[in-house]
Every structure is written in C-alpha cells, then in structure tokens.
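Read the structure below first, then the notes.
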Amino acid sequence: MQPSRSGRQPAHSLQRAVQYLRMSTDQQQCSPIFQRQAIAEYASGRSIRIIRDYEDAGISGLTLRARPALNQLLIDVADPQRRFSLVLVYDVSRWGRFQDVDESAFYEYLCRRHGVKVVYVAEPFEVDPSPMSPVMKTLKRVMAAEYSRELSRKVFLGHCVLAERGFHVCGRPPYGYQRVLYEEKRGSTRTLEKYEYKSIRTDRVTLMPAAAGQVGIIGKIFEWYAWGKADCTQIARRLNDFGLVNGDNGPWLPRHIAQILHNPAYTGVGVYSRTSSKLAGGWHRVPEEQWITVPKAFPAIVDQKTFSAVQTRFADYRRPPDRDELLDGLRMLVRKYGKVSQKLLKHYRRAPSARAVAAEFGSLNAAYREIGYAPNLNPEREENRDIERRAEALLARVTSEVLAERGHLVTYEKQSLTLCVDNLIRFQIVARAPWMVDGKTPYWSARWPDRFNIDFLVYCRMLRGIREFLDFFVIPAGRIQPGKFATLVGPNAEDFNLLRHSDLRILLDLTDSVGLTQVGRFLERR
C-alpha cells in the first residue's frame, strides 16, 4: 500500500492499541501526563494508533482490587469484538507492584492468551529479543514489588518516630478530641476540620480536647461506669434518652461506649500500632507488647484513678465466675422471676451462662439441686437426659482418641455432637434411653438432623437410669429422611437389624479402609 502524499499512513493501516495509565499519589514524578507523552512518542514511531485510555488515578498497584480501569481492560481484552491488539504501558511498575510476581505475569498472560500483547514502552527488553529478556522482565517485577515493601517499611518507621514524639500520626481522633495542626515554620497552631489534612510535610498534628460538651459526655461515661455501676447498654440508652448523638451524628450503641472505656487516650496516653494492615493485606490486631505508647502525649480528659477503676471492672467481667458466684446468680433469678430456665440464663445479663453452669456442675439439674430449686419438669426424664449427655460426651472423647491414635485427623463439634474424620466422613453420636408406650412398652427412635449434614448417625441404645450401652446402630445417609423419626427397636420398628452392632469397631473399619462412596453397600453386607 502506498503512503499518502503527506507522508502519513492511512488510518485503516495503523495498528490499534489502548494505553493503561496508573499513578498512586499526586506527588509522583511518573504523572499521567508524563506517561501519555512517553507512550505517544513510542506509538508515533511505530504506526500505532491509540484508540482508548484506561486510567487508575490515585490507586495503589499492590492488588487488582479497587483498580476499575485495569479490571475493565481485562474484561475488554477477553471480548471477541474488541478493536485493538496492543496494550501500551509505561513500565512494569505501572502495570502493578503485585507482591506475588506471578500475579503480574498472570494478568499479562491473560492478555496474550486472547491475542493482545502488553508492551512496556520504557523497558529495554521490549527492543531486545535475546533469551535474557524474560529474565529481565521477571527481575523488574520483583524490583517493583520490593520497592513497595521497602517504602511500606520506611513509612511505618517514620510514623513510629512521630508517634514516639507524641504526635497524632493518622486516623480519626477519639470522640472528645480534635486534631490541631502545628505549623513548624510559623510556630502557630490551628484546628483541623473534618476531612482536612496537613499539606506541608514538616507540619505536625496533635490532639487537644474538643468542645466542652463532648468532654463532659466522656467524663460522664467514665463516671457512670466506674462509680455508678451502669453497664454499656444502660449508658448508651441514657445518652440517647438525653437526645445526644455520637461522633457520626448517630445514636449511641453499647459498642461505642465500650470502645471509649477501653481507650487509654482519654488519660493523655498516645497509642500507635494497635492494629496493622500492610501491603494491602487484611487488618489484624497487634500484640499489646508491640504497641507504641507515649504517656502525657496530649491533655487528659479522664483521671487515672477513674480509668483504672473502669479497667478493673472490665477485668472482673472477663474473669470466669467461681462456684459460689454461679449459685448466687441462679438464686438471684429465682428471687426475681420465680424460676430458672435456659432462656433466662441467655437473656438476663447479670445471670451466669448455661454453658458455665453446666461445665461447673455437670448439668443444669445438678446446679438446681444445689440451690434447692425443682423445675416444673419430669425429674426422672431430666435425670435420664443428664445420663445421656454424659454418655454422648464420653463416647465422643473415647472414639476421638482411638481414631487419633490410628493416625486420623478428628475434630469434635460439641453443639451438633458430630465427629469429622479426615475432613471426609462426619458422624453424629447420640445416646438414648427408651420412650415408653402407655408407660409400659419401651421403644427407641432415631431422628436424622435437618440443620446440618452428616454421613452416619451413630445411635447408642441405653436403659433408663443405667450408664451402660446395650448396642449400637450405625445408620448411613439416606435411610432416614432429614427431620424425620424412625423406630429402631420396639412396636412397629423398621428393619434396621443389618445396621446393628455390639460395639463400634465398625467405625474403625469405615475410617481405615472403606471409601466414602462404598460405605452404604459395606454396611448393608454386614
């Protein structure tokens, strides 16, 4: 094809391309304007026509997350109707500073797989076809990732130095405080408004008490909790009843009160690095011994005596109650409500938990007997249920130990009474004494759970009031419908005899040598 008289290639003969631009901050030398100029110079000398821009402005290159332009580019690359065959990028670091260099290579491979080539216009390996070019590209990716790691480390160390000097480094101030900008060159200070930040690197930010109203609220919160013995829920309700709002102009919640009461900043202590999130990773809590704490970093709102009283009360709540305290809590419920139930134990904040009572006394009924309380239930049935629960726990523990000794990975879920073996087979273990027909004829019924999945139901038959097992049924999935009962022994019993065993050695056979898909046929044969 002949060139036009102007010396330019016809538009339809130019190779079509798109350009990807990224800049993480507005202070970088590698600005979008600079990237556009470099890419335009590269394209003009190679008969390339740029038809579209994809730009991520002010976005980190550590991950693909929150990079809408790159995400859209990858979507468009996979579109068979796309109108380009090249992606022009300034250099490897603009494509991304992925900490896993294989991730960067993977996204480039996705483009190449769909017939689109990624070209880094400022990299020397783009014009060097030698075998060392792929090595250089990988090295550049490693260098881009390392730059972010090194920069993250330097920024964190710089923040630590400022925190140790008593300055407020980052984050919103606690309720009751306001940020104050100290201009080092002028030696003056001024209050920073919400969403206002310092613009000069040598300026520093510290904290000062906010408006008198907020300071007064903080003082009342600590006073009510430390000396008034109100809890977080009561304090939040009291503030809302007064028509007061929190720092976000919303209603007070108990968790807001708890956060304030735990914060040592109200005694003037500066604390930095309580939580951490580096290199776009998830947030995690830093061990307390690694916190940076600076006493008297800024004016205190709460005196140390009150703050210590609050922390002592929190520590008392976290301390597990002893036997006498559990009994006193049960007696208090009887005096207040005339009864004790699991529902009351769950919803009444000053009552002990049902789990703590059962752990200390073995069962709720045993604790009831200690305080002379007789629930309006069939005492014989409740006593049998205690025996059944103990038998289930004992059988689960012994079975877990035996399977673990044989090299299996066993986890026990106490709430559902299930054993999971090698992350493959799930057993539910239940122990049951008989129900009585007309108070005379015993029968044993099994129910298949409908709220979670199991592979086998291990049903252990017992007699009432006797802590021994009669026999065992190992029932595979499919024999009983979820949520339905089936009578194993007694009047109108179904035929489960093939699944009946005198001991549980069958579980060892199942877990040692039988595949999960063969289990049903294996049990039927036995």
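The values are calculated or read from the model by the stated rules, or taken from the named source; none is laboratory data. Note that this is a predicted model, so its numbers are computed, not measured. Neighbour counts are summed over all protein chains in view; Cβ atoms, including those assigned to glycine, are modelled from backbone coordinates with ideal geometry.
With the requirement that a residue be outside any loop (DSSP other than H, G, I, E, B) and surrounded by 15 or more Cβ atoms within 10 Å (Cβ to Cβ), what does the stretch 54-69 give you?
Tyr54, Glu55, Asp56, Ala69
Return the total of residues in the stretch 113-132 being over 17 Å from Met23 (Cβ atoms) and either surrounded by 12 or more Cβ atoms within 10 Å (Cβ to Cβ) or of a type in the set (S, T, N, Q) (or both).
9
Can you say whether Asn263 is of a type in the set (S, T, N, Q) and surrounded by 18 or more Cβ atoms within 10 Å (Cβ to Cβ), as far as the supplied structure shows?
yes
Return the pairs, sorted by first residue and then second, in which the second residue is part of a helix (DSSP H, G or I) and not aromatic (Phe, Trp, Tyr), the first residue lies in the stretch 196-219 and is free of Cβ contacts under 8 Å to residues at least 24 places away in the same chain, the beta carbons are less than 6 Å apart, and the residues are 6+ apart or on different chains.
none
Could you tell me whether the stretch 111-127 includes any residue that is part of a helix (DSSP H, G or I) and under 19 Å from Asp56 (Cα atoms)?
yes
Somewhere in the stretch 291-303, is a residue assigned to a helix (DSSP H, G or I) and in contact (Cβ under 8 Å) with a residue 12 or more places away in the chain?
no
Considering only the stretch 29-47, state which residues are touching a residue at least 12 places away in the same chain (Cβ under 8 Å), part of a loop (DSSP other than H, G, I, E, B) and either over 10 Å from Tyr90 (Cα atoms) or more than 39 Å from the chain's Cα centre (by Cα) (or both).
Arg46, Ser47
I'd like the residue in the stretch 222-246 that is small (Gly, Ala, Ser) and surrounded by fewer than 17 Cβ atoms within 10 Å (Cβ to Cβ) and, out of all such residues, is nearest to Ser24 (Cα to Cα).
Gly243
Before we move on, is Phe307 aromatic (Phe, Trp, Tyr) and either touching a Leu at 6+ places or on another chain (Cβ under 7 Å) or in a loop (DSSP other than H, G, I, E, B) (or both)?
No, not satisfied.
Pull up the stretch 497-526, narrow it to residues that are of a type in the set (Lys, Arg) and part of a helix (DSSP H, G or I), then point me to the one that is modelled with the highest pLDDT.
Arg505
Only one of (1) surrounded by fewer than 16 Cβ atoms within 10 Å (Cβ to Cβ); (2) touching a Cys at 6+ places or on another chain (Cβ under 8 Å) is not met by Ile257, so which one is it?
Going through the list (1) surrounded by fewer than 16 Cβ atoms within 10 Å (Cβ to Cβ); (2) touching a Cys at 6+ places or on another chain (Cβ under 8 Å), Ile257 breaks only (1).
Among the residues that make up the stretch 224-239, is at least one of them assigned to a helix (DSSP H, G or I) and of a type in the set (Val, Ile, Thr)?
Taking every residue of the stretch 224-239 in turn, at least one turns out to be assigned to a helix (DSSP H, G or I) and of a type in the set (Val, Ile, Thr).
Which condition number does Leu488 fail, the rest of (1) over 19 Å from Glu401 (Cα atoms); (2) loosely packed, with under 12 Cβ neighbours inside 10 Å; (3) modelled with pLDDT of 85 or more being met?
(2)
Let's see how each residue does on (1) within 28 Å of the chain's Cα centre (by Cα); (2) under 30 Å from Val302 (Cβ atoms); (3) in a loop (DSSP other than H, G, I, E, B):
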site: Glu150; (1), (2), (3): yes, no, no
site: Val155; (1), (2), (3): yes, no, no
site: Cys160; (1), (2), (3): yes, yes, no
site: Gly171; (1), (2), (3): yes, yes, yes
site: Tyr175; (1), (2), (3): yes, yes, yes
site: Leu181; (1), (2), (3): no, yes, no
site: Thr189; (1), (2), (3): no, yes, no
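Residues being closer than 17 Å to Asn384 by Cα and at pLDDT below 85: count how many of those fall in the stretch 401-436.
Qualifying residue count for the region: 2.
When you look at Thr312, is it over 32 Å from the mean Cα position of the chain (by Cα) and either closer than 19 Å to Gln259 by Cβ or not assigned by TED's automatic domain parsing to the domain that holds Asn365 (or both), yes or no?
no
Whether any residue in the stretch 264-275 is at pLDDT below 90, farther than 22 Å from Phe314 by Cα and either of a type in the set (Gly, Ala, Ser) or not in a strand (DSSP E or B) (or both) is what I want to check.
yes
Here are Arg22, Arg49, Arg36: which of them is modelled with pLDDT of 85 or more, within 19 Å of Lys117 (Cα to Cα) and touching a Leu at 6+ places or on another chain (Cβ under 6 Å)?
Among Arg22, Arg49, Arg36, only Arg49 is modelled with pLDDT of 85 or more, within 19 Å of Lys117 (Cα to Cα) and touching a Leu at 6+ places or on another chain (Cβ under 6 Å).
Of the residues Arg52, Arg113, Arg82, Arg67, which is in the same structural domain as Arg141 (by TED's automatic domain parsing), more than 30 Å from Gly282 (Cβ to Cβ) and in contact with an Asp or Glu (Cβ under 7 Å, 6 or more places away or on another chain)?
Arg82
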